[in-house]
Every structure is written in structure tokens, then in C-alpha cells.
Amino acid sequence: MAMVRLFSRIRGWTVLLLAGVITSVNTASSQVIISQVYGGGGASTGSPSYKNDFVELFNRGITTIDLTGYSVQYASASGSSWSVTTLAGSIAPGQYYLIQGSGGSAGATLPTPEVVGTFAMSATNGKVALVGGTTALEGACPIGPMIIDLVGYGSANCFEGSGAVPVLSTTLAALRSSDGCADTDNNAGDFFTGTPSPRNSTSLAVPCGPVPITLNYFNGSVNTSGVSVDLIWGTESETNNYGFEIQKKLFQSPVFETIPNSFVPGHGTTLIPQHYTYSDNSISSGSWYYRLVQIDLDGTHLYSSAIQLAVLTSVREIPPPTAFSLQQNYPNPFNPTTSIKYQIPNTSHVVLMVYDVLGQEVATLVNEVRGPGAYTARWDASGASSGVYFCRMQARPAEGRQTPIELGQADFFVSTKRLLLLK
């Protein structure tokens, strides 16, 4: 749900990983959001602006979204019973979609709605959810991947961010800023109260401005060893892309948190497709969701909440490795970044270096003492030329040994893998 501007042309899915098996589910998440809420329709007092309650949706993306199978649901400010209005048809890029609720005789007639429902909203306090299904939500403040967007207003006990939208009235609606484009996961900051202004599919389309990247895919899996979540994504084009950070959250948590040291450099401005990888080695049992944070060269942060990974890890305590190992890099061939996994059975001094075909040192990826476990090193070969390279790992037990690694000794581990850089 959170994004200042939308990642363009997201060929999006929600990806469910269970024991490493991936299932894709088509979703409108984050492209389509709630852009306006009005609950004072037809009130017998207060001079209502319109005869009917309404909820307005907006498509911030550049692809048309089929809303078949989705719903808008309403509950009172503290209630746990949700009324369901099933959606139909599609919503084009930059277009609005009007959903009419119940009402009365006072006030103006709404523009022609795309869908007519029977929900009766409070004029002052309540909560509205856009849901990727038609089953009624459960609980006063439900969570989960089916909830695409949520707006709480007045004294609502459920909302996004720091607070709900202020109290509404028969003459005040909750309107999303920037004609519906603003979305930072904060109802209090993204919305303002103002004169109701319902818009439908015939209203003037509003693009949300330039987009920094064209994201083709975002995928992932639980590593077969059960010790990491491996993420991969790719872009078709990039504009002023400084790079990415990775955020994740537990199913029960309302807030995404940035994974420390997860920055992956971007490629500035390019029309050449790029591919990226990242491994999260700090995982634990639970249902996890991942998203990308794309960072422009000017420091602007954009959030890809449309791309989520629901990771059901079922992770157990993994015993430390019983032997040294160096795995083949992935991807291979690569351009320009690749990941290299290795394992050590005890506290060891590890040196991981990259050499060219002439045996000249190109990069030192690791040169330090590390405890037993599985690790991932990344090589950014942006400054290297296309060709064959070799990654060499040397490791020795650290206890009682402070001399440099020397080859040929039985308790030293040495392994080399061939890397292919194609630009």
C-alpha cells in the first residue's frame, strides 16, 4: 500500500513460499488504492452534499487492472462486522472508480457509479478496506495480504500509519492528496478533509508523474538449506536509480522494517534490462512479507508494496555446517552483481577474493574472522570488464592461529569457482 510514486509496469504478483514452493497470485495491490471516502450521503440533518455515501478508487499505475473478484468493505469505527460490496469491471491507468452506497433524499445526485452497493457508512467515524477477495474480513482491525488498502477516519480503531483521517461530516470527505497519488502508509498524512468531489471512470485521468524504473519481476524462495530467503528481481529500464533496500515484516506487524546492510546498487539511467539478487540470512519462523525500497539519485524513496513475498518459513534451528564449502555463484553468467554463498564449520579466518584470468586480484569480498554458519557475499562488478573470473576461498580455524593463510596445510580449506561476467 505504501508508495510515493508507483514502480511502473509492475507485472505484479503476490508470491507465497511454503517449504520453497512458489505460488503466484495475481493482484492489484498498490496500483489501485482508496482515493476518497464520504459517509454523509442523504442525511436528514446537516445539509449533506450528496444523496449517497460513496467510496472512490484510483489507479496510480500505467496498466489497466481487472477488479473482478475484489471488494470494498466497511465497518464502524470500533466494529468487527464488515459489509461487502463486490467489484466488477476494470480501472484504467490514472482513472477513478466510483462505488455508491446507501443514502437518502437530501443532497445532490452522484455521478454515474461503476458499482452500486448497499453499505451504510457513518458520516463521522468508520473504516473502509479495499480487499483482494469477496470474503468478509474478520475482527475490528484485520491484517493480511488480502487487504490492499485501508482508510480509517474519525475515531476508527484501525488505520494506516500514525493516525486516522480527521472526523468527517455530511459536508466533508476524506480526499487523498495529489489527486490520489500520495501514499506513504499514513492515513493522517496522505489524506485531507474537504468538500466531497466524487469522480468516476469518465473523469479526467490523472497520471502520477514520472516513474524511476520499470520493474519486470520480483520473486524469491526459501533456500534449500533453510537458512536464508533468496530474492531476485529485474528491471526493464531505469531512470536515476541509485539502488534498492529490502524491507520485511511479520504477518502480525503493521510496519515494514529495513533489513540492515541490504542496499543493492542500481544502474542510474539505462534502457538495458538489469537483474538483481539479495539473500536475507536473518530469518525466523513465521509468515514474512518482503518489499523493495527504490532510491532515486536525489534521495527520493519509493516503496513497492505491490510486490510482496509472503514467506511461510517453518524454519527450525539449523545446526552449524559440518564442513567448509564454497557454492557456485548465482546468477552465473551475471551482470553486474552476483551472490556467492559459503559455509564454515567453526570460527575461522575467511578470505574470499576474485581474480582475473591472469591471476591478478580484482576484489576482496571477505577477509576476517567469522563464526560457524552459512554466509553470502556479493560482488558488484560494475567496474570490471566482461570475461571469466575466479572466486577463491581460503579458510583456516582461527583458534590459536594468527599467521597468514598458507596453502597445503591439512586444516586449511581452499576452493575456487569460475564466474562469467557478461555485459
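Values in this text are rule-based calculations from the coordinates and carry no lab data. Since we're looking at a predicted model, the values are computed, not measured. Every residue, glycine as well, gets a Cβ built from its backbone with ideal geometry; the counts of neighbours run over all protein chains shown.
The Cα atoms of the range 31-194 define a convex hull whose projected area, averaged across directions, is 8.3 nm². Residue exposure proxy: Met121, Met393, ordered by other Cβ atoms within 10 angstrom of their Cβ from fewest to most, comes out as Met393, Met121. Candidates Ala174, Phe159, Ala106 compared by Cα position along the dipole of the range 31-194: farthest toward the positive end lies Ala106, with charges placed on Cβ.
Taking amide hydrogens as placed 1.01 Å from N in the peptide plane, the amide H of Val165 sits under 5 Å from those of Gly152, Tyr153, Gly154, each at least 5 positions away in sequence or on another chain.
The dipole here belongs to the range 325-421: it is taken about the Cα centre, uses +1 on the Cβ of Lys and Arg and -1 on the Cβ of Asp and Glu, and is about 220 debye. Peptides 138-145, 350-357 ordered by packing proxy, namely the average of other Cβ atoms within 10 Å per residue, highest first: 350-357, 138-145. Going by neighbour counts of Cβ atoms within 10 Å, the residues Tyr38, Tyr50 line up, fewest first, as Tyr50, Tyr38. Put in order of Cβ neighbour count within 10 Å, fewest first, the listed residues Arg60, Arg176 become Arg176, Arg60. Between the amide H of Gly101 and those of Asp53, Phe54, Val55, Gly117, distances stay under 5 Å, these residues lying 5 or more places away or on another chain, with hydrogens modeled in the peptide plane.
Across every direction, the projection of the convex hull enclosing the Cα atoms of the range 325-421 has a mean area of 5.9 nm².
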